[in-house]
Structure formats: C-alpha cells, structure tokens
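Written below as structure tokens is the structure these notes are about.
The values are calculated or read from the model by the stated rules, or taken from the named source; none is laboratory data. Everything numeric in this text was worked out from a predicted model, so none of it was measured. All Cβ positions, even for glycine, are placed from backbone atoms using ideal geometry, and neighbour counts span all protein chains on display.
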Amino acid sequence: MSMERNKPGHRKLLPPIKIGNEKIQSGLFLAPMAGITDYPFRVLARRYGAAMVVSEMVSSQAITRNAGKSKRLIYTAGREYPLAVQISGSDPTLMAESARIARSYGAAFIDINMGCPQRKIVKTGAGAALMKDECLAGNIITSVVAAVDIPVTVKIRLGWDGRNMNAVRIARIAEDCGAAMITVHGRTRSQMFSGTADWDSIRLVKQTVSVPVLANGDIRNCRDAWRCLDESGADGIMIGRGALGRPWLFKEIACFFETGLASDPPDLPEQYAVASEHLDRLIDFYGPVTGVWIARKHLAWYSKGSRGGADFRRTVNAAETMEEIRVLLENHYNRLVHETGPYPPDAPASGDHP
Ligand SMILES: Cc1cc2nc3c(=O)[nH]c(=O)nc-3n(C[C@H](O)[C@H](O)[C@H](O)COP(=O)(O)O)c2cc1C
C-alpha cells in the first residue's frame with residue numbers, strides 16, 4: 001500500500017450505478033477506444049476492476065452490411081459481461097438495426113457515439129457532428145431505444161467548439177428520448193485531444209439530468225479520479241488512455257476509494273504475466289500475423305517508463321513472429337527483475353500516465 005490517503009470521511013466509495021434496470025458494481029468504466037478496447041484488452045480491464053467495459057466503436061453501416069471485421073469488434077463472451085457495444089452513424093434506421101445486431105451478439109448495453117472528433121467520421125454526420133444536429137441526435141436515440149430491450153447510453157463531448165457548448169441541452173434531449181446514462185468527455189470537438197479536460201463543466205450536465213452521468217478525460221491515477229469526481233459531481237468515471245499498458249489502474253483506483261490508500265501497482269512478475277497473457281489473447285483472437293502486429297503497441301505501453309524500455313520497443317517493432325516477441329518480452333522482464341528486484345523502482349503508486 002502506498003501512503004497516499006484520500007480525504008478521510010469524504011466520499012469513501014465509488015458506489016454502484018444503476019443503468020436502466022441493470023446494476024453496475026461501481027462507477028469505474030473502461031472507455032471505448034478504436035483499435036484498443038478489443039475483447040483481449042477488455043477481459044483484462046474487467047479482471048482488474050473495471051466494472052463495465054465499452055467496445056471499440058462499430059460503424060452502423062459496416063455492421064449492417066455484415067462486414068466481418070465489425071463482427072469481431074462486437075464479439076463478447078461471458079468473461080467480460082457486461083459489455084456495452086458502441087455504435088456510430090447518422091442514420092436512425094441503420095443505428096437501430098446495428099443495435100439489434102449488437103444485442104443479438106450479447107451486448108448488455110448499447111452506447112451511441114456522439115463524441116468522435118475525427119474528420120472522416122464527422123463529415124458523414126456521425127460522432128461529434130451529432131452534437132450540431134440536436135434533432136437528428138434525438139431521432140437516433142429514440143429509434144435505438146425503441147429497437148432494443150437493453151439500456152441505451154450516450155457518449156458526448158462538451159460541445160462542438162467553445163462557442164457551441166451544448167452538452168447540457170444534448171443530455172436533456174438524450175434523457176427525454178430514453179437514454180439511461182450519459183458519459184461526457186470534458187472537451188469540445190474542436191479541441192480534439194488537446195488542452196486539458198474540463199471536469200467542472202461536466203457538473204452542469206450532472207445537475208441537469210437524473211440518469212447517471214460519467215465523467216471522462218485525462219484520468220490517469222487515483223488522484224485524478226478523486227479530483228474528477230469531486231469537480232464534476234459525476235456518478236462515475238470512464239478511463240481510456242490511462243489504462244493503456246496498465247489494466248490494473250482500475251484496481252488501484254477502486255482500492256483508493258474503498259480504503260483511502262492507493263494500492264501499489266503489481267510487482268514485475270505479475271506485470272509480466274499480464275503482458276504475456278495479453279499477447280497470447282491477441283494471438284488467439286486475431287491469429288499470429290495480425291495478433292503480433294497489434295501486440296506491438298500494447299507491449300510498448302506496458303514497457304513505458306521501465307529501464308531498457310526504449311530498446312525493448314525497438315526490438316519488438318522489428319520482430320515478426322510471436323515466438324520472437326515472447327522471448328523479447330520474457331527477457332525484458334527477467335532483466336528488470338534481475339536489476340531491480342521484483343518491485344519496479346520508480347513505479348508511481350498512484351499510477352501516473354505511462
Ligand atoms: C486511440 C483512441 C481511440 C478512441 N476511440 C474511441 C471510440 O471508438 N469511441 C469513443 O466514444 N471514444 C473514443 N476515444 C475517446 C475515448 O473514449 C475518451 O473519450 C478520450 O480518450 C478521453 O479519455 P481519456 O483521457 O481517459 O483517454 C478514443 C480515444 C483514443 C485515444
């Protein structure tokens with residue numbers, strides 16, 4: 001246990017959250033990240049304390065065309081239950097149909113993407129562009145809610161830009177149309193990922209709607225989690241980049257909220273076991289060629305900040321087979337343990353961003 005204490009007598013727990021009729025163990029969520037929050041990563045995040053995980057966004061056009069790749073995005077198995085599948089698009093009928101498909105694949109929730117800032121998405125009227133068309137946003141939510149018998153949630157930003165901060169209005173529309181939870185990334189679309197997330201502005205959304213509100217953006221350690229909840233007044237938090245190469249961050253935060261003390265990060269043998277299992281799962285899930293390709297970036301995140309990490313990343317990026325990568329991974333962690341003992345010397349207890 002590190003000696004980092006939260007404020008005694010203040011908010012001791014991250015309480016359970018009710019989304020529609022579903023009770024979620026705590027307000028600790030893994031954010032959707034395209035190219036990252038696939039089944040292998042979500043399983044690890046769940047094991048390490050994420051109470052709920054969200055899939056990568058899946059295009060409603062692709063999934064209703066029966067594109068094989070989209071089906072892999074929404075694959076789920078009991079181990080990670082409850083999964084929210086996030087759908088994106090701008091056509092209410094296609095969005096409803098894709099929600100039905102996701103439901104039939106085992107999704108426990110449908111999340112509607114209204115925050116993606118990418119040009120190729122917004123130019124089709126999807127993602128954050130929906131925040132500029134409140135009427136269409138409402139139609140999409142209404143038709144998705146009518147299409148499925150599971151809760152529908154919405155992920156938004158603060159607005160399109162500094163002059164159009166309509167998160168509160170969109171949240172009210174979402175609630176009126178039947179959304180069961182709203183996640184707010186504390187940036188506008190025009191900010192993309194720049195600047196810092198404005199947790200305080202999320203409070204306005206929380207004060208407006210009675211469905212649960214999650215705060216999202218720039219939560220990288222226990223202290224951030226605490227401050228974000230305090231500033232936003234949100235019911236829970238959603239964490240994305242802070243969990244890259246550190247699926248155990250959820251456990252550290254859960255421990256901090258329960259006991260007032262941040263748990264230490266796992267020792268090096270456990271970190272090796274997690275990274276190695278992640279590699280194996282990627283290879284199982286995608287096959288050896290794509291699996292190795294995707295594993296490179298995850299292993300790079302696991303190695304961030306570790307001694308010899310830069311060399312490790314260089315060699316992993318040049319390696320082509322899973323056997324080579326396994327050996328490199330094992331050697332890297334063996335070297336770390338040999339040089340420093342099982343505990344990472346400079347690993348921050350509250351989990352600073354890698
Ligand atoms: C690589 C990457 C992919 C992302 N993909 C999605 C996505 O598919 N759907 C979505 O709603 N947000 C997506 N996001 C945004 C995150 O869910 C989150 O809102 C944002 O990163 C801020 O939270 P963080 O600071 O905890 O990462 C993505 C972010 C990143 C970095």
Seminar exercise, completed: Selection from segment 38-68 of residues without any contact (Cβ under 8 Å) to a residue 24 or more places away in the chain and within 14 Å of the ligand (Cβ to nearest atom) yields Ala62
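Working carefully through the options Ala300, Ala318, find the one that is within 16 Å of the ligand (Cβ to nearest atom) and over 28 Å from Ile182 (Cβ atoms).
Numbers: Ala318 fails: within 16 Å of the ligand (Cβ to nearest atom).
Checking each option against the conditions leaves just Ala300.
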For this session: Identify the residue in segment 36-68 that is in contact with a strand residue (DSSP E or B) (Cβ under 7 Å, 6 or more places away or on another chain) and among the hydroxyl-bearing types (Ser, Thr, Tyr) and, among all such residues, is surrounded by the most Cβ atoms within 10 Å (Cβ to Cβ).
Result: Ser60
Exercise. So Met33 fits all but one of (1) in contact (Cβ under 8 Å) with a residue 40 or more places away in the chain; (2) surrounded by 19 or more Cβ atoms within 10 Å (Cβ to Cβ); what number is the exception?
Worked result: (2)
For this session: With the condition kept exactly as written, say whether any residue in segment 196-203 is away from the ligand (no atom under 14 Å from the Cβ) and at positive phi.
Result: no
Seminar exercise, completed: Flagged in segment 212-223 as under 24 Å from Lys23 (Cβ atoms) and in a loop (DSSP other than H, G, I, E, B), in numbering order, are Pro212, Ile219
Problem set entry | Single residue of segment 224-254 satisfying the filter (in contact (Cβ under 8 Å) with a residue 40 or more places away in the chain, more than 15 Å from the chain's Cα centre (by Cα) and not in a loop (DSSP other than H, G, I, E, B)) that is surrounded by the fewest Cβ atoms within 10 Å (Cβ to Cβ) | Asp230
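From the list Thr153, Thr124, which residue is within 12 Å of the ligand (Cβ to nearest atom) and hydroxyl-bearing (Ser, Thr, Tyr)?
One residue alone meets the criteria, Thr153.
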For this session: Within segment 217-231, track down each residue that is more than 10 Å from the ligand (Cβ to nearest atom) and not aliphatic (A, V, I, L, M).
Result: Asn221, Cys222, Arg223, Trp226, Arg227, Asp230, Glu231
Problem set entry | Val152 vs. criteria in the same structural domain as Asp198 (by TED's automatic domain parsing), on the phi < 0 side of the Ramachandran plot, β-branched (Val, Ile, Thr) and out of contact with any strand residue (DSSP E or B) (no Cβ under 9 Å at 6 or more places or on another chain) | no
Exercise. Can you name the residue in segment 313-354 that is assigned to a loop (DSSP other than H, G, I, E, B) and at pLDDT 75 or above and, of all such residues, is farthest from Arg296 (Cα to Cα)?
Worked result: Gly341
